[in-house]
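Have a look at the structure below, then the notes.
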Amino acid sequence: MHNNLLKIDLDMRLAVNPNLVLRIEDDDCALLFDPDNGRVEILNCTAVEIWQQLDGKRSLHEVIGRLEEIYDGFDEDATRQVLALVNSLAGLGAVGVWEQT
Amino acid sequence: MSHKVMRTPRMVDLELTSRCNLSCRYCYYLDHQGVSYQDLPTERWLALIRELGESKVMSVCLSGGEALLREDIFTLIDAIVTSQMRFDLLSNGSPVTAEVAQRLKLTGRCNCVQISLDGSRAEVHEVMRGEGSFAPALAAIRHLQAAEVPVTVRVTVHAGNIDDLPATTRLLLEELNLPSFSTNSISSLGSSAKYDDELFLSPEQRLRAMQVLSGLDARYPGRIEASAGPLAEWQMFHEMRRAHQNGQPIPGHGHLVGCGCVFDRLAVRADGAYIPCVMLPQMVLGMIGESRLIDVWRDAKVLDDLRERTKISLGSFEECRGCDYQLSCTGNCAGGALSLLGDANRPSPDACLRSFERDLAKAGLSLP
Ligand SMILES: C[S@@+](CC[C@H](N)C(=O)[O-])C[C@H]1O[C@@H](n2cnc3c(N)ncnc32)[C@H](O)[C@@H]1O
Ligand code: SF4
Ligand code: SF4
């Protein structure tokens, strides 16, 4: 698989990197584990929520729409935070647009 | 100290076989009265490994016995890789040829291989580990290094290798240029009945081992690791003495908190018995094929009791009454307590600072 992600925009249909393992630890946090190098990142519950929505079919627009339904008072600031988070996950190679090579 | 129980274990120890090509005099694994020495067939391990992957376990530690003696070892390792896990491997080194090292490298998932090496020369290493065991152990380290597999060494300290520790350290850290190695000493684990007293360090030898290792630790900072044994005790005992002198307890201590494994780790014996830890092999929680690991992890009463152990205050034990170190002590390993006293819910006497000081005093010595 190949991640050809260049720049995040709201129409993108991002998916999680299938080679990573999400370990839910408790109600507040999860670990994102890369078995190929042993690296572990900590995700909070919002990040986990986003992670679980990134299925390669929904656009980021739709994902944010769903988050608006789940969380009260989800405003523009929250949208910016989601984008920043998705950006940083993409930077880690944890989410992207994946193609079969 | 408040411990959180993970939803599933992060790490699982798999004692893949009870077979071994050596019979080390101090081995805690062999000849345990409470253990049945039978090996599970491949399919049973494969099913468990799949279950571990589904439960999002991150890593397994393969040992035994000598795990590499299993003919299907690379089938099992392939399954570990497919199940998105990493692994560590403990070995005496004999089966680690250049080809085995290369195959381990090719998995891309090996955290580290730990080779047991107890001395810088065959005469020292083989006192406990048997004739002909030194050269293969040393060769194994070299094969692993050549294949660029992360490798470390465990030195088990005993009366016959204390004086050789500086030479062993030179061999490992300078000649072989390992990043680090770890130390322990022979401890009474599993069944204490099998151990002769002469296998253990006397108070004088224990003090000497502490002094030699702490000197080496100062010379090679951060490169000699210890979670038990003379170096770990030296560090812990000094911390406890400092805490007492300053009138400050060590936060989180003062209870039986010496064993944290039960919060994020579990073990499986070669015959398929789930156990809390390799140091508690007689505490069977369930069997592969009869119960799922995840159910055992969540529901086994024995495991819950071990987790609750951390709430037992050292002040509640007769043997700890009036001890200056009560609020800085952890009571140490549950495995030691079970083996020596037949009760895991007591402080382990082999790591008691007060009795160590008393034993030293009888010999006209004291902790510097
Ligand atoms: C049981 S062995 C299994 C792996 C492999 N056969 C080996 O010897 O490395 C794991 C480690 O436990 C150590 N060991 C065995 N019996 C011990 C004891 N009674 N006290 C402390 N360490 C012990 C061994 O030296 C070895 O480093
Ligand atoms: S090589 Fe390991 S398992 Fe075998 S007897 Fe020695 S310590 Fe025990
Ligand atoms: S008597 Fe020993 S085990 Fe008990 S608190 Fe003191 S040092 Fe710890």
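General observations
- Taking all Cα-Cα distances within chain A, those exceeding 23 Å account for 23%.
- Note: the protein assembly as shown, Cα convex hull, 183 Å³ per residue.
- Sites residue B:301 and residue A:28 - FRET efficiency at Förster radius 22 Å, r taken between beta-carbons, to 0.05: 0.20
- Shape category assigned to segment B:193-290 from the gyration tensor of Cα positions, a/c cut at 1.5: prolate
- Dipole orientation for segment A:13-97: of the candidates A:35, A:22, A:48, A:35 has the Cα lying most toward the positive pole (charges on Cβ; Lys, Arg +1; Asp, Glu -1).
- Dipole moment magnitude, nearest 20 debye, the protein assembly as shown about Cα centre, only Lys, Arg, Asp, Glu C-beta charged: 680
- Our summary gives chain B a relative contact order of 18 percent, counting only alpha carbon pairs under 8 angstrom and 6 or more residues apart.
- Normalised by residue number, the volume inside the convex hull of the Cα atoms of chain B is 133 Å³ per residue.
- Average beta carbon contacts from partner chains per residue of A:33-42, 10 Å cutoff: 4
- With all protein chains in place and a 1.4 Å probe, the accessible surface of chain B carries 49 percent carbon and sulfur.
- Relative contact order of segment A:1-89, pairs being alpha-carbon contacts under 8 Å that are 6 or more residues apart, as %: 28
- About the Cα centre, charge dipole magnitude for segment A:13-97 (Lys/Arg +1, Asp/Glu -1 at Cβ), debye: 500
- Segment B:1-119: relative contact order as a whole-number percent, Cα under 8 Å and 6+ apart: 28
- Spatially close Lys pairs in the protein assembly as shown, defined by Cα atoms under 29 Å apart and a spacing of eight or more places or different chains, total 11.
- Highest average packing first - B:168-175, B:267-274, B:350-357, B:241-248, Cβ atoms within 10 Å: B:267-274, B:350-357, B:168-175, B:241-248
- Listed residues B:173, B:365, B:9: farthest to the positive end of the dipole of chain B (Cβ charges): B:9
- At the residue level, residue A:12 shows approximately 40 square angstrom of accessible surface with a 1.4 angstrom probe and all protein chains present.
- Taken per residue, the accessible surface of segment A:13-97 reaches 51 Å², heavy atoms only and a 1.4 Å probe.
- Two-decimal Rg to Rh for segment B:119-209 - Kirkwood Rh, Cα set: 1.00
- For chain B, with +1 on Lys and Arg beta carbons and -1 on Asp and Glu, the positive-most of B:185, B:263, B:276 along the dipole: B:263
- Backbone N under 19 Å from the residue B:345 label point (7 Å along Cα→Cβ), restricted to segment B:298-328: B:299-321
- Approximate spin-label separation residue A:70-residue B:282, in nm, with each point projected 7 Å along Cα-to-Cβ: 4.9
The values are calculated or read from the model by the stated rules, or taken from the named source; none is laboratory data. This one's a predicted model, so the numbers in the text were calculated from it and none came from an experiment. Cβ sites come from the backbone with ideal geometry, for glycine too, and all protein chains shown count toward neighbours. These accessible areas exclude ligands, DNA and RNA; they are computed on the full protein's heavy atoms, side chains included. Shrake-Rupley method; radii C 1.70, N 1.55, O 1.52, S 1.80 Å.
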